[in-house]
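Here is the structure we will look at.
Every number in this text was worked out from the coordinates using simple rules, so none of it is lab data. Every value quoted in this text rests on a predicted model; they were computed, and no experiment measured them. Methodologically, a virtual Cβ is constructed for each residue, glycine included, from the backbone with ideal geometry; neighbour enumeration extends over all protein chains shown.
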Amino acid sequence: MKDVQGYNQEGWYYKTELHKFVNSGMRDMSFIDSISGIVNRGCHNPPCATGEVDGLVDRRSNFQKVLMVFGLPSLGSRPPSTLPPIPAPAIPAPAASLTIDAADPKLINAFLHRLNSHRSSLERNVLSYQARDGTTIQSDVYTFDSLIESVAYACQIGHAGKLFYIGSPGAETLGDDQPMTNLRYGLVNIAAFLAQSQNEGIVGNACDEYHLDAIDGKYPVSNSCGQFGDNYQGLICSRAERAMECPVEENMKVAAAPNGKHENSLYDYRPGFYCGPDENFTGAYDPNTRLVEMGPFANSAGRNDVKGCCFWGRGAMLTKGPCMLGKLNHYLGAEAAKNGKMAKFPDVDFCRSPGDICKNIERHPTIVWDIALFEWVERVQPYEDGNFNYQLALQKFVDGGMKDPTFINSVSNIVATGPRFYGKRLSHFNLIMEHLQLKGRTPLVKSRSTSGQRIDCVPPWLFLAGATMSWAL
């Protein structure tokens, strides 16, 4: 049991794959083939060093027969109610940097089930993009399965010792005594996150940032250094965190992943970003001729070269800059693995090979969400200055009936490094709120203060198999 149920090698985790198999209708026999490999040869992707699996066809046939005996479809349709996939097991971190408190399993259960109940609506209207012909296409980069797996991970395990906020474990009641209130804080938090993501990465169905900032109708090649007046190399860490920062190396050469992942989107004909030391890595792309005109051509910040400009945005929130990518490497990537920590992406060096982030979507489908959620819990949720405290503002917004647009506008100020596009972000936010059925809700009668309180989660698989619960909001 330990060898199989606890198997977690090279991105293949038994419990996650079990959920995927069930959720997809129990059709993909590669699941049982992988288990046969683990049992017979010690690996999930035979042939291993010890050879091919003995009796592979017979093992597969026996599995299908057992499914039929249990009344389960060996080649059936998708189950009518699909539980969210589960995250990989907890990744230990130094005790000084990560403490996870006890949590109420009902809250995470209700939160994930609430998201899952709106799966179809979110896939059609939020996790989708507009093609050049005006049709709406469901994203193959930003999928619901990878989203909910990443959210469960960020909620239960967290990033850099910080957890995704889903509300208070206590529940107030209204006159009908139905559990209420605090789940809304978490749902509004995920709505705010998705609204920013929709405006950044989802709209182009692209993992890599793409050209948006035109100068005299042309897109400077040096947009990879920063768009709309930004300098991405200048997004450095504070003195206390400087050791985690990626070094800027002018000789580094990186190119955006091929455009195939966002083929037919509004932006697919624009060339991908790249960086490098060659003086010829300058010029501008003319959308009329669809050619790059070589020669000095400055971006809106005055750069006409691409030396060291390898830290453009990637993932759902187009996470960018030497500081944030350095932190990703320190906590999730190759540096964490090198330092003897269990890293979620040990094969991705966010600093020396940032291009691998978007080239690894097939291998790591959650990476586009994981890096965005990392930035969210690292930079947005704890945000506080003299005028704005994110968590207090979130609670005030929910308690006030979820109507005040200044909340999402303030969040946009935190997230966006270039133009805020307040109207678009507000429109995305309102759309997501509608699809989560949060618009027009009655203001809370009473709000339990959660200021300064850690809101944590427990692994969903500990209780998802229990009694069915009905949560009304």
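Brief remarks follow.
- Peptides 205-218, 323-336, ordered by how many other C-beta atoms sit within 10 Å of their residues on average, highest first, read 323-336, 205-218.
- Rounded if a/c under 1.5, otherwise prolate or oblate - the stretch 181-318, Cα gyration tensor axes: oblate
- For the stretch 339-433, GluC sites (Glu not before Pro) meeting the loop criterion (DSSP other than H, G, I, E, B) and having at most 11 other Cβ atoms within 10 Å: E362.
- Close Lys pairs in the stretch 256-374 (alpha-carbon distance under 23 Å; sequence gap of 8 or more, or different chains): 15.
- Taking 0.36 nm per residue of separation and subtracting the current Cα-Cα distance, fully stretching the chain between N251 and V66 would add 60.8 nm.
- Cut-off 17 Å (backbone N to label point 7 Å along Cα→Cβ of Y269), residues of the stretch 218-241: 218-220
- Across the stretch 227-234, computed HN-Hα scalar couplings (Karplus, 6.51 cos²θ - 1.76 cosθ + 1.60, θ = phi - 60°) run 10, 6, x, 7, 10, 5, 5, x Hz from first to last residue, x flagging Gly and Pro.
- 5 angstrom amide H check on S128, placed H, neighbours 5+ away: S139
- In loop segments of the stretch 27-59 as defined by DSSP, the trypsin sites (Lys or Arg not before Pro) with at most 16 further C-beta atoms inside 10 Å of their C-beta are R27.
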